[in-house]
Each structure stands twice: as structure tokens, then as C-alpha cells.
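One structure below.
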Amino acid sequence: MLSIIQAAGWPIWPLIACSILALALIIERFVSLKTASIAPPKLLDEALAVSRSGVPSGDVITQLEKNSALGEVLASGFRALNANPRCTEADLRASMEGAGRTVAHRLERYLSALATIASAAPLLGLLGTVIGMIEIFGAQAPTGGATMGGANPVQLAHGISVALYNTAFGLIVAIPSLIFWRYFRARVDGYLLTMELASERFVRHLSSLRNR
């Protein structure tokens, strides 16, 4: 591996940095975007059950808020109703939408960085390719003496290796980054849809509590 890096020359170092950063972001997103910490399947039913006869206590609301991202959104509805028992359905919806936007921003964290790496890696590889081609053409320059008009084979080989290694490494970094970015983007969109549907159902439930 070290010999490949040496053969690729200095243009490969930005690509190595991008690959390390992309790997760290992918691991972080896998850990952060677990279903249990975002939208537990039974959480909505549990929140509806504990509030069937009225708004639960503050301790229950706090526990719900700390449960998951969906719990944070549902708890915002409870808190809005606690703060103003006569609040309108529009007020409840606005409160939960505000919490939802905060959660959405947190779920989308680092996705733009991963997308940037997926876009920039091929360009960095292309930069290394161009530098390698420059070295190749430099090797064609006359060197004087017995090699007048001939190519320097060592410099020619180095230029080719710089060009090919950087092109390949740029694609190696970009392709997995793009795949995982699309995967995480779809996963976040699915979570947001789940929370939106749950919030809509929960708003109607809170409205029924308000009318009692």
C-alpha cells in the first residue's frame, strides 16, 4: 500500500484524507440513524395509551422526549397543550412542526459533507491525472546528449503511475461515498415521513384531549 501511495505522488494525499473522513461519516451515520433512537415502532401507540385520559405528568413527558427523535416531536405537543390547554389545533401543529424541523436538521447532519466528498473525489482524481500527464509530457522534452529528443523512461513511468493511481483512487473514494449518501438520504426521508404521519395522528389525539 505504501508503494502505491509513493507511486501515486502527492496528489493522492487529499484523496486519502477524503477517504478517512468519508469512512468516519459513514460509521457515525450508521450509529446515529438506528430505528430505535429515531422512530421506535410502538412509541406512538404508547404515547396515545398514556394520554388516553389526559395529558401525562411532566416526568412522563420528559422521559418521552429523551426516548427518541419521534418522542421529542410528540413531547412538544404535550408541552404545548400543558402551556395552553385552550390552544388551537393550528398552534399544536405549529409546535410539533417546529420540533420536527429541529429533528430533521439533526438527522441530515453530515449528509451534505458526504455528498461533497462523493462529488469532489473524482475531481481530485482528475487533478492527479492532469498532474501525471504534465509529468509525462515533461518527460518527452529533450534532455541533451545521447538522449536528445528522447523520453526519460523513469519520469515517463512515474507520470503514468501518478495519472492512473489518482484516477482509480478518486473513483474508489467517490463510488462508496455516493452509494452511502443515497442510502442515508433515503433512510432519513423514510424517518421524516414516519414522523410526519405519526405527528398528524397525534395532533388529532391532542385536539380531542383539548376538547374534553
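Binning all Cα-Cα separations of region 30-97 at 10 Å, short to long from zero, yields these whole-percent fractions: 21, 51, 24, 4, 0.
With +1 on the Cβ of every Lys and Arg and -1 on the Cβ of every Asp and Glu, and nothing else charged, how large is the dipole of region 2-210 about its Cα centre, in debye rounded to the nearest 20? Please report the intermediate quantities before stating the final value.
On the way: 17 positive and 14 negative charges, 87 e Å.
The dipole magnitude comes to about 420 debye.
Full extension of the chain between N84 and M133 gives 10.7 nm of extra length, using 0.36 nm per residue less the Cα-Cα distance. A simple rule links phi to the HN-Hα coupling: the Karplus curve 6.51 cos²θ - 1.76 cosθ + 1.60 with θ = phi - 60°, which for region 195-208 gives 5, 5, 5, 5, 5, 4, 5, 5, 4, 5, 5, 5, 5, 5 Hz, with x for Gly and Pro. Stretched out straight at 0.36 nm per residue, the stretch from S208 to I179 would grow longer than its current Cα-Cα span by 6.0 nm. Ranked by the mean number of other Cβ atoms within 10 Å of their residues, highest first, the peptides 198-209, 20-31, 162-173 fall in the order 162-173, 198-209, 20-31.
What is the sum of charges, Lys and Arg at +1 and Asp and Glu at -1, for the other residues whose Cβ falls under 11 Å from the Cβ of E97?
Details: positive: R93, R101; negative: D91, E196, E200.
Value of the local net charge: -1.
Based only on Cα atoms, what Rg/Rh ratio does region 2-210 have, Rh being taken as Kirkwood's radius? Don't skip to the end; give the middle numbers.
Details: Rg = 27.8 Å, Rh = 20.8 Å.
That ratio equals 1.33.
If you keep only loop residues by DSSP, which GluC sites (Glu not before Pro) in region 48-123 have at most 12 other Cβ atoms within 10 Å of their Cβ?
Within region 48-123, no GluC sites (Glu not before Pro) qualify (loop, at most 12 other Cβ atoms within 10 Å).
Every number in this text was worked out from the coordinates using simple rules, so none of it is lab data. Keep in mind that this is a model prediction, so the values were computed, not measured. When we count neighbours, we look across all protein chains shown, and the Cβ atoms used for this are built from the backbone with ideal geometry, even at glycine.
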